[in-house]
Structures are given as structure tokens and as C-alpha cells.
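Undergrad: Sharing a structure below in C-alpha cells format, with a few things to ask.
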Amino acid sequence: MLVDRLRNISNCLPAGVQLLAVSKGQPVSSIRALADLGQCHFGESRIQEALPKINTLKSRKRLRWHFIGRLQSNKVRSVVRSFEFIHSVDSLVLAERINRISGEENRLPKAMVQVKFREDPTKGGYLPEQLLDEWARLLELPHLKLVGLMTMPPIGLGMEERGILFKECRVLADKLNLQDCSMGMSSDWKEALQAGATWLRLGSTLFGDRSKYFNNHTDITKSN
Ligand SMILES: *Cc1c(COP(=O)(O)O)cnc(C)c1O
């Protein structure tokens, strides 16, 4: 049951490590159930799916929304208005756009820079050297609070290799004086935890399988 899964995961988390419940593909009823158990942080990766859910739950003032998907430039304003955290800042151009729009909207999103530590054509992200080159310019953006790095290993990478990759992310975050590392999903969160993650992004191991039905930008709120 949800309550047992939440308790089992929470019991493994040391101080300073937080659970981000990835609610993409999950109905509002499941988010409510977790919120009733005290979970505050929820992650969504598709804006069309997220906005109706956030709107439905807006009376729950304790909820904190994290955007974890690839962020298209025409969606930045919606994300800045509705999300407190953005885990997927993957270029200077995107960071500058978020900064400009956050200024206009009078917001200060907490941002994590997505970094790619291995070749992976299926994912966005900074290469570590590129991030170091542009770091000073990112730091100059006043309407974006840089709090950490986010990473996702390539699909198919072995568990031991994942542990090594996560450690590289921790080392880079420390070098940049960033507290947070958003890393670890359902299959590899123990390796991420071991390597120094501060945000574990867990979907299926927490909620159960995502429904295919929800993968179509269907209006989730109607299912309740
Ligand atoms: C879907 C998703 C997750 C959660 O995946 P699970 O394997 O279900 O835990 C985490 N991070 C990102 C960026 C995602 O898109």
C-alpha cells in the first residue's frame, strides 16, 4: 500500500535528503493520498498534464511543485508561475529566458542544472566542462536561485556504473558550492543516496505503475 511504500522509503532517508514524489502519469487522487500522509514535494514533467492537477490542488497550500521534464521555451512562463523548483535547466539560453520571465513575474525559482556525465543522445543537459565555462554567467542571473545539479544516467547503464556517475555529480556540485543533487529514480535511488543525492525523484516505486492512459496529455482531473 501507498502508506507502506512511503514509510519504507522515508525510513531510508538520512537528514538532508528529500523525497520528490514524481506524480506524472498518476491521478490527482493518488497525489491527495500522499499529501494526506505528509508528502509535500511533487514532480511533474509535462506542463499540459501538470497545470490542471496543480490547479485542482491549489487549496493545498503546503504542496510544492517541481518541474522535472525538458522545458521548451514557450512553456517557461507557465512553469515559472506554477512551479517552485526547476530541475531541468540545460542551457544558458534557457537559464536566461527563465531569469527574464521570473523577473517579469516577480518569482525566484530554485533551479538545478541538468548535467550529462555520459554520452546520451536521448537526453538534454550540460556537459561538465561546458557548465564550468558558463558557470560565471549563470551565477549572474538574479531571478534564478541556483541550488544544485540534476542528472540522469543513460538507460542500460549498470548499477555500479550508476554509482560512479552519481559520485561524479556530487563532486561537481561540491566544486560549484551547490548543496543539492537531484539524482536517483525508482531503479537506482539507493546508489544515488550512497553517492550523496539530496533529492530522490521517485515515481513508480512509490505510486505503483504509471497508467499508459495518462501518457496522452489526457485531462487527468476528469478521472476523479
Ligand atoms: C519519470 C521521471 C522520474 C521517475 O521515474 P520512476 O522510474 O518512475 O521513479 C524521475 N525523474 C524524471 C526526470 C522523470 O521523468
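Undergrad: Criterion first (closer than 26 Å to residue 25 by Cβ, away from the ligand (no atom under 16 Å from the Cβ) and touching a strand residue (DSSP E or B) at 6+ places or on another chain (Cβ under 7 Å)) does residue 63 satisfy it? Give the derivation first.
TA: Working: closer than 26 Å to residue 25 by Cβ: yes; away from the ligand (no atom under 16 Å from the Cβ): yes; touching a strand residue (DSSP E or B) at 6+ places or on another chain (Cβ under 7 Å): yes.
The answer is yes for residue 63.
Undergrad: Is region 168-177 home to any residue that is outside any strand (DSSP E or B), free of Cβ contacts under 8 Å to residues at least 60 places away in the same chain, within 16 Å of the ligand (Cβ to nearest atom) and surrounded by 16 or more Cβ atoms within 10 Å (Cβ to Cβ)?
TA: Let us first name the residues in region 168-177 that are outside any strand (DSSP E or B), namely 168-177.
Now narrow it down to the ones that are free of Cβ contacts under 8 Å to residues at least 60 places away in the same chain: 168-177.
Cutting the leftovers down to within 16 Å of the ligand (Cβ to nearest atom) gives us 169.
Pick out the ones that are also surrounded by 16 or more Cβ atoms within 10 Å (Cβ to Cβ) and you get 169.
The answer is yes; a qualifying residue exists.
Undergrad: Could you tell me which of the residues 109, 142, 128, 121 is more than 16 Å from the ligand (Cβ to nearest atom) and at pLDDT below 95?
TA: Working: 109 fails: at pLDDT below 95; 142 fails: at pLDDT below 95; 128 fails: at pLDDT below 95.
None of the others qualify; the one that does is 121.
Undergrad: Restricting the search to region 60-90, which residues are among the polar types (S, T, N, Q) and either part of a helix (DSSP H, G or I) or open to solvent by less than 40 Å² (accessible area, probe 1.4 Å) (or both)? It would help to see each step written out before you state the result.
TA: Let us first name the residues in region 60-90 that are among the polar types (S, T, N, Q), namely 72-74, 78, 82, 88.
Listed by number, the residues that qualify are 73, 74, 78, 82, 88.
Undergrad: Related question: Please determine whether any residue of region 100-123 is touching a Pro at 6+ places or on another chain (Cβ under 7 Å), surrounded by 19 or more Cβ atoms within 10 Å (Cβ to Cβ) and in a loop (DSSP other than H, G, I, E, B). Walk me through how you get there before you give the answer.
TA: To start, the set of residues in region 100-123 that are touching a Pro at 6+ places or on another chain (Cβ under 7 Å) comprises 102, 115, 117-118, 120.
Checking the rest, the ones that are also surrounded by 19 or more Cβ atoms within 10 Å (Cβ to Cβ) come to 102, 115, 117.
Narrowing the set further to residues that are in a loop (DSSP other than H, G, I, E, B) leaves 117.
Yes, because at least one residue in region 100-123 is touching a Pro at 6+ places or on another chain (Cβ under 7 Å), surrounded by 19 or more Cβ atoms within 10 Å (Cβ to Cβ) and in a loop (DSSP other than H, G, I, E, B).
Undergrad: Kindly indicate which of 15, 21, 50, 33 is more than 14 Å from the ligand (Cβ to nearest atom), crowded, with 17+ Cβ neighbours inside 10 Å and of a type in the set (Gly, Ala, Ser). Outline the logic, then answer.
TA: Numbers: 15 fails: crowded, with 17+ Cβ neighbours inside 10 Å; 21 fails: more than 14 Å from the ligand (Cβ to nearest atom); 50 fails: more than 14 Å from the ligand (Cβ to nearest atom).
From the options 15, 21, 50, 33, the qualifying one is 33.
The values are calculated or read from the model by the stated rules, or taken from the named source; none is laboratory data. Everything quoted here is computed from the prediction, not taken from an experiment. A quick note on method: Cβ atoms are made from the backbone with ideal geometry, for glycine too, and the neighbour counts reach across all protein chains shown. Heavy atoms of the whole protein, side chains included, go into the accessibility calculation; ligands, DNA and RNA do not. Shrake-Rupley method; radii C 1.70, N 1.55, O 1.52, S 1.80 Å.
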